[in-house]
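For reference, the structure discussed in these notes is given below.
A short reminder: the numbers here are calculations on the coordinates, not readings from a lab. Keep in mind it's a predicted model, so treat the numbers as computed, not measured. Because the Cβ atoms are built from the backbone with ideal geometry, glycine has one as well, and the counts that use them run over all protein chains shown.
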Amino acid sequence: MAIKAKTNAEKIVKGIPIDEIRDALINEYRRRRIRYKMVDEAMKKKYGMGYGDFDSTNMVRDRKFAWDVESDSMEWEHAIEGFRYVEQKLRDLEDL
């Protein structure tokens, strides 16, 4: 299966100009960055603090491990880490 995937990827890369692939990647990473930022802002508004404070005050424990708070914590952490990841990928693409 890996050989077939590699062959398909090679066909795609040969058929599309590299600048178009790069632009598509940049646009996708920008879209993700906006989505992650929206999650971060919504959570800041909901809890009245940033993720660092939310985590350090152990809000999940304080709210008795309520599912909505724990779920928010996981989503928020994912958004923070996702934002860092796409920022790095955008910097990497700018260097190309």
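Please go through the range 4-56 and pick out each residue that is under 21 Å from the mean Cα position of the chain (by Cα) and over 30 Å from MET74 (Cα atoms).
Restricting attention to the range 4-56, the residues satisfying the condition of being under 21 Å from the mean Cα position of the chain (by Cα) are 21-47, 49-55.
Once the filter is applied, which keeps residues that are under 21 Å from the mean Cα position of the chain (by Cα) and over 30 Å from MET74 (Cα atoms), the range 4-56 yields ILE21, ARG22, ASP23.
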Reported set for the range 14-52 where residues are over 30 Å from VAL69 (Cβ atoms), among the hydrophobic types (A, V, I, L, M, F, W, C) and touching a residue at least 24 places away in the same chain (Cβ under 8 Å) is LEU25, ILE26
